[in-house]
Each structure stands twice: as C-alpha cells, then as structure tokens.
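The values are calculated or read from the model by the stated rules, or taken from the named source; none is laboratory data. Only a predicted model underlies this, so the values are computations on that prediction, with no experimental measurement involved. Using ideal geometry, Cβ is built from the backbone for each residue, glycine included, and neighbour counts are taken over all protein chains shown.
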Amino acid sequence: MKPVYVIGENIVSPIAPTAEENFTSLKKGITGIRLHDNRQISPEPFYAALFDAGGIPENAENSYTKFERLLIMSIGDALRKTGVPVASRRTALIISSTKGNISLIESAELTEALRNRIALSTSARLIADHFGFTSQPVVISHACISGVVGLITALRMLQSGGYDHVVIAGADIITRFILSGFQSFHAVSNEPCKPFDAGRNGVTLGEGAATIVLSSNKPSTGEVIQLCGGSVSNDANHISGPSRTGEELFQAIQKAMEEASVTSGEIDIISAHGTATLYNDEMESKAINLAGLQQVPVNSLKGFYGHTLGAAGLIESVIAILSLKENVMLPTPGFHSRGTSMPVNVSAELRTGDYHCCLKTASGFGGCNAAVVFQKAV
Amino acid sequence: MKDEQAYITAYSSVARRSACRNGNIVFQGDENVNTGDFLTSLYKYLGADYPKLYKMDNLSRLGFLAVELLLTGRNLSENYNPEETGIVLSNANASLDADVNYMASVKNIPSPALFVYTLPNIVIGEISIRHHFKGENAFFVSEKFDEAFMHFYVTDLFSRAALKACICGWVECFRDDYKAVVWLVENNSREGALPFTIDQIHKSYLLSNGETNG
C-alpha cells in the first residue's frame with residue numbers, strides 16, 4: 001500500500017485555536033469544560049466545553065454560520081504551512097460532522113431555502129469555494145465516528161492514486177438540539193465526565209473543530225507521522241447501545257493493525273473513545289483485551305474537550321500525532337480508579353516514553369466502530 | 001482492481017409509491033397515501049415479520065424495506081461471514097426528517113425515541129441488525145447521488161478484501177418525498193449479474209426514476 005503522511009494539523013477548541021497551543025495547554029492540565037447556565041440551550045445548568053460568545057469571530061462580508069466559521073478557521077490554519085495546491089483536481093476536501101448546521105431549525109420555520117442551507121453539502125461547497133478547492137468535496141455524517149471515517153476515507157483516496165493531498169476537517173457545535181437529546185437519554189454527566197472511572201455517569205459535551213492534511217509525498221524535514229491503516233465495523237446489535245462483547249470494535253482494531261502491518265506488541269499508546277458512559281467504556285475495555293492491548297497506556301481526552309461528536313476523532317487524532325512527535329502521553333482527566341470489568345492501563349498522569357505507534361478508536365450510535373493506526377515514519 | 005471483479009447481483013428501488021426489483025415493478029401503493037402509510041403497506045406486502053419496523057423513523061423504514069426487497073430469496077449468511085458484509089449509503093438531507101420531528105418534541109418533552117433517529121447512519125444500523133452485517137459501513141452526504149464516488153468507495157473495499165458483499169446506494173426521505181435505490185454488490189458472479197461499473201449504476205439508477213422494464 002502507498003504510504004500516507006500527515007503534513008498539517010489544527011485544533012480549534014475552547015482551549016486554544018492551534019494544534020500546538022492545544023497540546024501545550026493539555027500538558028499543563030488545562031481543560032475546556034465549565035459549568036454553564038444558558039437557558040437558551042438547557043433549562044438546567046450543565047457542564048460542557050463551549051466557545052465563549054464571540055469566540056469564533058464573525059466576518060461582516062459573508063454569512064457563514066458558526067459551524068462553517070469554525071471549519072474555515074481550522075482548515076486555514078492547518079493548510080498555512082503545507083503548500084498544498086488546493087485548486088488542483090488531485091487535492092480533495094473531506095468534511096465530517098454529526099449534526100452540522102442543525103441549530104438553524106431551532107428558531108426558524110423550515111422553508112425549502114432553509115432546508116438547502118442546513119444541508120451538509122451546502123456547507124462543504126461554501127468551504128470549498130472559500131479556499132478554492134476544485135474537486136467535489138466529500139461529506140461524511142456517521143455519528144460519533146465521522147472524524148475517524150473521514151481519515152479512513154482519505155487514506156483510501158490517497159492509496160487509490162487518484163489524489164496527492166486530502167484535507168479532512170470535522171466540526172460540531174453544541175446547541176439545544178444536541179444537548180436536549182443527550183439529556184433525554186439521561187446520558188449527560190452531572191459533573192465533568194470521568195472516562196473509565198468507577199464513578200463515571202455519562203458524557204460531557206463539547207464543541208470544536210480539527211483538520212488533518214494527508215499527503216502521498218513525504219515531508220523532507222522533521223519527525224514525520226504516517227497514517228498506516230484503518231477499518232470500520234458494525235455491532236449489528238443495538239442502535240443506541242454498544243456491543244456487550246466488544247468483539248466488533250476488536251474486529252476494526254484487528255483489521256486496522258493488519259493493514260498497518262503492526263502487531264499488538266508494537267502499539268505503544270491508545271487514544272480511546274472513552275465517552276464516560278457506563279456501556280461505552282466497558283465495551284472498549286473488552287475490545288482492548290480481545291486485542292491483547294490491556295498493558296498498553298490508554299487515554300481518553302473527553303475530560304479536556306468533552307465529546308465533540310463528529311470532530312472528536314479528528315481532535316483526538318491530532319493530539320495522538322503530536323504525542324508521537326513529542327513522545328508524550330497525555331493523562332485522562334476525571335479518571336481516578338478503574339471502573340471496567342476488564343483491565344485497561346488508563347493513563348492517569350502525563351507520561352513520557354519512546355512512542356512510535358498509536359492506535360485511535362471511536363464508536364457511536366448505530367453500532368458503528370472505527371480504528372486507525374498512526375506511526376512514526378522510518 | 002478491475003471492474004469485472006465485482007458484480008451487481010440485484011438492485012431495488014422504492015420511490016413514488018412504487019417498489020421495483022431488478023427494474024421490474026413488484027408493488028404499487030394506493031394513491032394519495034403519505035410516506036409512513038405507503039411504507040407500512042409495502043412492509044405488509046413483503047410479509048416481513050419484523051415489528052421493530054414500527055419504531056423506526058421513515059428514513060430507516062425506507063432503507064430497511066428497500067433492502068428487504070433487494071435480498072428477496074437470498075440469505076447472505078450462507079455465503080459470507082458477518083464481517084465480510086457491509087453497507088455504504090448516501091443521501092442529500094441526512095436525517096432532517098427525523099430532526100424536525102425530534103425538534104417538535106423538544107418544545108414539550110424531548111423524546112429519546114425520536115432523538116436516536118437524528119443520525120443518518122441509524123438506517124445502516126437497523127439493516128445491520130436485521131441481516132447481521134458487521135463489516136465496513138459508511139454514510140455520505142451529497143446534493144445528488146454521486147455514482148462515481150460510490151463506485152470508487154465500494155470497489156476499493158473489495159480490492160483491499162475488506163468486504164465480499166456490500167449493499168450500497170441512495171436512501172433519501174424528507175416528508176412525502178422519498179427515494180431509495182440500493183444495489184447488492186458481490187465478489188462472485190451469479191446468473192443475471194451485471195458488472196459493477198459506473199455505467200451500470202447509472203443505468204439502474206435511471207430505471208428507478210420511472211423508466212421501468214415491466
């Protein structure tokens with residue numbers, strides 16, 4: 001398989017507007033989660049990682065929504081140093097989002113014009129035009145694995161030989177629609193979320209965007225990270241609850257590792273989904289054991305960012321890429337004592353080591369699972 | 001991978017009160033029925049004993065029934081392991097139909113039963129549960145059906161041996177405007193199979209637009 005290299009990355013989060021600043025802040029233990037009391041979004045106060053009002057500046061010359069402005073900020077920063085020819089037909093743009101502009105139906109009558117405005121393909125077209133992409137943008141909306149599916153799709157597009165560069169960007173914003181839905185499931189934690197912890201009781205939501213630029217061309221300088229393999233699976237069990245066995249996430253992990261030609265002994269760190277719901281973290285612990293990875297340090301970043309839905313897989317992948325580059329494994333805020341039936345080596349404190357290979361996983365509603373493997377290029 | 005290494009072994013469509021398999025109309029609903037009632041009548045016609053259908057939103061019902069029709073007389077588990085079978089679908093409006101219904105409930109009591117359908121990939125989950133498909137799955141959004149991209153994505157899954165059978169297609173539903181066109185693609189040919197090419201996808205998609213064989 002053709003090698004695929006990471007040549008640019010960004011995170012725009014309530015913590016910071018660049019990947020480097022995010023990583024520096026996370027190393028200091030800074031989290032974006034706060035207690036919010038905003039009656040427009042929720043009748044009750046709630047914990048979430050949200051942008052301050054005006055945190056994503058508006059541009060008087062255009063009418064981009066907050067969702068689109070976030071993506072534009074993120075893509076613009078990620079592309080800045082790459083020199084990618086965006087106008088080339090051999091450069092692709094992939095947009096991943098769970099709910100995109102859905103907040104627009106909260107306050108307005110759904111006319112045909114509004115329906116077109118909400119369509120994710122409209123946002124993708126506006127963003128493509130903003131930067132001058134000429135290839136047809138690809139849009140993925142696959143619940144909470146959208147970002148990881150974006151990476152896997154990009155890997156396949158590059159390996160097919162049809163493209164030289166692929167820009168993958170994901171974003172989601174938190175409004176009443178999404179928060180009320182998770183609340184209706186009683187899935188929202190009444191304190192900042194506690195991934196893999198014995199006292200975990202649900203998700204904390206977050207908003208943000210991230211971008212990864214992949215290329216078939218190896219950069220000539222610096223530590224270079226490769227995306228080596230990826231796979232998607234389905235539980236075929238329940239639309240809103242994860243597998244009881246973890247076998248299907250394990251299947252995705254196994255296939256991603258096979259594609260990357262790595263064995264379980266070669267995985268140095270795991271960036272888990274770790275939403276801090278009882279069932280998700282339990283399922284993940286089973287899958288990690290089935291893969292023989294229970295000794296490998298694993299973290300969840302949901303205690304920093306909250307669950308950023310379609311952006312989560314990309315935000316966490318950017319952090320994984322920087323972790324490999326800097327040989328730093330970030331901790332899991334909210335984790336104190338293991339609360340899963342199977343052992344997992346949850347990284348509670350910041351660690352340093354000689355990290356070459358990282359497994360990133362994600363799972364979501366609809367029974368979907370995804371896994372990718374990043375590795376230092378030799 | 002060369003095109004002839006994957007085959008369309010069946011295709012079906014559900015649109016404008018008609019259900020077709022391999023280009024032939026097999027069921028027509030009553031005039032002036034809404035989407036939900038039409039889909040219920042199609043469910044009864046197909047004789048599928050699956051009461052969970054009544055809990056689904058219209059997008060999931062539509063995709064589910066199009067696949068029931070597609071797999072008439074087939075049991076893919078006889079030929080393939082669960083992880084060798086997958087689903088790749090697309091549409092224009094994601095889950096907007098369910099989104100609007102859920103948002104109406106938020107004004108009173110937000111309904112978890114409605115919220116769970118506010119994701120377009122739930123239709124993939126429902127079909128996967130029904131037929132025990134555990135392989136690759138993806139949901140793409142595009143303004144119009146992107147035949148070339150769907151062909152690329154599915155062909156690539158076969159060429160990297162990620163799947164041996166894949167259901168792919170377009171499943172769109174917003175209020176009383178609905179259309180599903182789905183293909184069963186396999187790595188083994190069967191009697192009557194068509195090569196899985198962009199041209200064949202295009203031709204069978206056009207058939208579902210009203211130009212039927214029978």
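Return yes or no: is B:PHE145 more than 9 Å from every other protein chain (Cβ to nearest Cβ) and at pLDDT 95 or above? When the stated conditions are applied, B:PHE145 passes them. Residue count for the range A:339-373 under the criterion of being under 20 Å from A:ASN289 (Cα atoms) and either within 14 Å of another protein chain (Cβ to nearest Cβ) or in contact (Cβ under 8 Å) with a residue 24 or more places away in the chain (or both): the result is 24. Being more than 7 Å from every other protein chain (Cβ to nearest Cβ) and either over 25 Å from B:GLU78 (Cα atoms) or among the charged types (D, E, K, R) (or both) is the filter here, so list the residues in the range B:119-142 that pass it. If the condition is that a residue be more than 7 Å from every other protein chain (Cβ to nearest Cβ) and either over 25 Å from B:GLU78 (Cα atoms) or among the charged types (D, E, K, R) (or both), then B:ARG130 is the only one that fits.
Here's the yes/no breakdown for (1) in contact (Cβ under 8 Å) with a residue 24 or more places away in the chain; (2) closer than 20 Å to A:LEU309 by Cα:
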position	(1), (2)
A:MET1	yes, no
A:GLY29	yes, no
A:SER42	yes, yes
A:LEU50	yes, yes
A:SER63	no, no
A:LEU70	yes, yes
A:THR82	yes, no
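The numbered conditions (1) crowded, with 24+ Cβ neighbours inside 10 Å; (2) away from every other protein chain (no Cβ under 12 Å) are all true for A:GLU191 except (1). Just so you know, in the range A:116-150 the residues that are of a type in the set (Val, Ile, Thr) and over 16 Å from A:ALA209 (Cα atoms) include one that is surrounded by the fewest Cβ atoms within 10 Å (Cβ to Cβ), and it is A:THR134.
Among strands (runs of 3 or more DSSP E) entirely within the range B:1-82, having at least 1 residues that are small (Gly, Ala, Ser) singles out B:7-15, B:18-21. Got at least one residue in the range B:154-173 being among the β-branched types (Val, Ile, Thr) and outside any helix (DSSP H, G or I)? Scanning the range B:154-173 turns up at least one residue that is among the β-branched types (Val, Ile, Thr) and outside any helix (DSSP H, G or I). Residues that are facing chain A (nearest Cβ under 8 Å), out of contact with any helix residue (DSSP H, G or I) (no Cβ under 6 Å at 6 or more places or on another chain) and modelled with pLDDT of 95 or more do occur in the range B:162-173. Taking the range A:157-207, which residues are within 26 Å of A:LEU104 (Cα to Cα) and of a type in the set (Lys, Arg)? The one that is within 26 Å of A:LEU104 (Cα to Cα) and of a type in the set (Lys, Arg): A:ARG176.
Only one of the numbered conditions (1) in contact with a helix residue (DSSP H, G or I) (Cβ under 9 Å, 6 or more places away or on another chain); (2) modelled with pLDDT of 95 or more is violated by A:GLY222, and that is (2). Please list, ordered by first then second residue, the pairs with beta carbon atoms under 8 Å, 6 or more apart or interchain, first in the range A:310-328 and at pLDDT below 95, second surrounded by fewer than 23 Cβ atoms within 10 Å (Cβ to Cβ). Within 8 Å, no pair qualifies. Just so you know, in the range B:72-118 the residues that are more than 23 Å from B:LYS134 (Cβ to Cβ) and among the hydroxyl-bearing types (Ser, Thr, Tyr) include one that is farthest from the other protein chains (Cβ to nearest Cβ), and it is B:SER105. Right, B:ALA162: of a type in the set (A, V, I, L, M), touching a Gly at 6+ places or on another chain (Cβ under 9 Å) and in contact (Cβ under 8 Å) with a residue 24 or more places away in the chain or not? Yes, satisfied.
One line per residue, one yes/no per condition, for (1) within 23 Å of the chain's Cα centre (by Cα); (2) within 14 Å of A:LYS302 (Cα to Cα):
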| position | (1), (2) |
| --- | --- |
| A:VAL12 | yes, no |
| A:LYS28 | yes, no |
| A:THR31 | yes, yes |
| A:ASN38 | no, no |
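When A:PHE304 is evaluated against the numbered criteria (1) assigned to a helix (DSSP H, G or I); (2) among the aromatic types (Phe, Trp, Tyr); (3) farther than 15 Å from A:LYS27 by Cβ, which criterion, by number, is the only one it fails? Checking A:PHE304 against (1) assigned to a helix (DSSP H, G or I); (2) among the aromatic types (Phe, Trp, Tyr); (3) farther than 15 Å from A:LYS27 by Cβ, the one that fails is (3). Applying the condition of being of a type in the set (Phe, Trp, Tyr) and surrounded by 24 or more Cβ atoms within 10 Å (Cβ to Cβ) to the range A:316-373 and asking which residue is farthest from A:SER261 (Cα to Cα) yields A:PHE335. Residues that are surrounded by fewer than 18 Cβ atoms within 10 Å (Cβ to Cβ) and in a loop (DSSP other than H, G, I, E, B) within the range B:188-202 comprise B:ASN188, B:SER189, B:ARG190, B:GLU191, B:GLY192, B:ALA193, B:THR197, listed in sequence order. When A:VAL213 is tested against (1) more than 14 Å from every other protein chain (Cβ to nearest Cβ); (2) among the aliphatic types (A, V, I, L, M); (3) assigned to a loop (DSSP other than H, G, I, E, B), exactly one condition is not met: (3).
Taken together, the residues in the range A:213-268 that are crowded, with 24+ Cβ neighbours inside 10 Å and of a type in the set (D, E, K, R) amount to 2. Taking A:GLN136, is it more than 21 Å from the chain's Cα centre (by Cα), closer than 14 Å to A:HIS307 by Cα and within 11 Å of another protein chain (Cβ to nearest Cβ)? No; evaluated as a whole, the condition is false for this residue. Restricting A:GLY181, A:GLY147, A:GLY170 to those that are of a type outside the set (Asp, Glu), within 18 Å of A:LEU301 (Cβ to Cβ), outside the structural domain of A:GLY334 (by TED's automatic domain parsing) and in a helix (DSSP H, G or I) reduces the list to A:GLY147. For the range A:194-210, the set of residues classified as within 14 Å of chain B (Cβ to nearest Cβ) and among the β-branched types (Val, Ile, Thr) consists of A:VAL203 only. Among the residues of the range A:137-178, those that are β-branched (Val, Ile, Thr) and either within 18 Å of A:LYS255 (Cβ to Cβ) or modelled with pLDDT under 95 (or both) comprise A:ILE145, A:VAL148, A:VAL149, A:ILE152, A:THR153. Number of residues in the range B:65-94 that are under 14 Å from B:ALA138 (Cα atoms), in contact (Cβ under 8 Å) with a residue 60 or more places away in the chain and of a type in the set (Gly, Ala, Ser): the value is 2.
Within the range B:29-56, being of a type in the set (Ser, Thr, Tyr) and either under 16 Å from B:LYS179 (Cα atoms) or surrounded by 13 or more Cβ atoms within 10 Å (Cβ to Cβ) (or both) holds for B:THR35, B:THR40, B:SER41, B:TYR43, B:TYR45, B:TYR50.
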